[in-house]
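Chemist: Supplied in structure tokens, the structure appears directly below.
Derivation of every value follows stated rules applied to the coordinates shown; laboratory data play no part. As the structure is a prediction and not an experimental result, all values here were calculated from the model. Please note: Cβ atoms are built from the backbone with ideal geometry, for glycine as well, and neighbour counts cover all protein chains shown.
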Amino acid sequence: MRLRQHQNGEGAKYTKKKLPVNLVYFEEFQRIDQAFYREKQVQGWSKKKKVALISDMSEKLHELAKCLNDTSHVDFNPSGFDSAQPPDGG
């Protein structure tokens, strides 16, 4: 359904400029809000990470997700919440 929308020029402005589009990967969701969330998540990924997903190289996804900017000091808290620690530890 979504692919047909894109092919008909009814999708995002980006795909309207890239017609025809080719389906190289898909996931199925029960709810449209879950699919929309996932689509936005993947759109924010680097090209290398997207290629790893498409190529079924899931072992590389974690490696390619490493933060390379100023937010890299954010540590995972086992309680389920992320906590930002100042880079100097204080």
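Chemist: Could you tally the net charge around residue 43, taking each other residue with its Cβ under 12 Å from the Cβ of residue 43, Lys/Arg +1 and Asp/Glu -1?
Modeler: Here the charged neighbours net out to +4.
Chemist: What percentages, rounded to whole numbers, describe P(r) for the range 2-64 computed over all alpha carbon pairs with 10 Å bin width beginning at zero?
Modeler: With a bin width of 10 Å, the distribution comes to 19, 47, 31, 3.
Chemist: How much length is gained on full extension from residue 25 to residue 56, taking 0.36 nm per residue of separation minus their Cα-Cα distance?
Modeler: So the extension gain works out to 10.2 nm.
Chemist: Expected output is a single nm value to one decimal: the length gained when fully extending between residue 46 and residue 17, i.e. 0.36 nm times separation in residues minus the C-alpha distance. What is it?
Modeler: Result for the pair: 8.4 nm of gain on full extension.
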